[in-house]
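Heads up: the structure comes next, in structure tokens.
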Amino acid sequence: STANAPEDDAPNRYSRTERTTYSRYSRDANSSGSSLPSNTLEKRIEELERELAKERQENARLMKMTQDKEELIGKLKEEIDLSNR
């Protein structure tokens, strides 16, 4: 009977997964349809996309600053090394 357990369990697992997936999709559909109108959601998406673009730009600026400072540190270390010789 232990040899048959995995086979018996497989259909039950599939059924549970199917039920979970179905309830998740129906819940998402209900929440997005009833809570906010689509034009409000579109405006919010546009606002978030603008914010994301600003954050990416700031991130690029900070990465460049970090790279520049690392290069300066490398040059200063070389100068210190030459001075010590």
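The values are calculated or read from the model by the stated rules, or taken from the named source; none is laboratory data. What you see is a predicted model; the values in this text were computed from it and never measured. Ideal geometry is used to build each Cβ from the backbone, glycine not excepted, and the neighbour counts take in all protein chains shown. Only protein heavy atoms, including side chains, enter the accessible area calculation; ligands, DNA and RNA are left aside. Shrake-Rupley method; radii C 1.70, N 1.55, O 1.52, S 1.80 Å.
Considering only protein heavy atoms, what per residue accessible area in square angstrom results for the stretch 37-84 with a 1.4 angstrom probe? It would help to have the intermediate numbers written out before the result.
Details: 4700 Å² over 48 residues.
Result: 98 Å² per residue.
Check the stretch 37-84 and count each lysine pair with an alpha-carbon distance under 21 angstrom, considering only pairs eight or more places apart or from different chains.
Working: K43/K54; K54/K64; K64/K75; K64/K77; K69/K77.
Final tally of qualifying lysine pairs is 5.
In debye, nearest 20: dipole of the stretch 37-84 around its Cα centre with unit charges on the Cβ of K, R (+) and D, E (-)? Don't jump to the answer; show the numbers that get you there.
Details: 10 positive and 13 negative charges, 31 e Å.
The dipole magnitude comes to about 140 debye.
Please report the equivalent ellipsoid semi-axes of the stretch 37-84, computed as sqrt(5 x eigenvalue) of the Cα gyration tensor, largest first, in whole Å. Walk me through the numbers on the way to the answer.
Numbers: eigenvalues 424, 4, 3 Å².
Result for the stretch 37-84: semi-axes of 46, 4, 4 Å.
Towards the positive end of the charge dipole of the stretch 37-84, with charges on Cβ (+1 Lys, Arg; -1 Asp, Glu), say which of L62, L41, L52 has the farthest Cα.
L41
Whenever you get a sec, compute what percent of the accessible area on the stretch 37-84 sits on carbon and sulfur atoms (1.4 Å probe). The partial results should precede the final answer.
Details: 2560 of 4700 Å².
Carbon and sulfur atoms account for 55 percent of the accessible area of the stretch 37-84.
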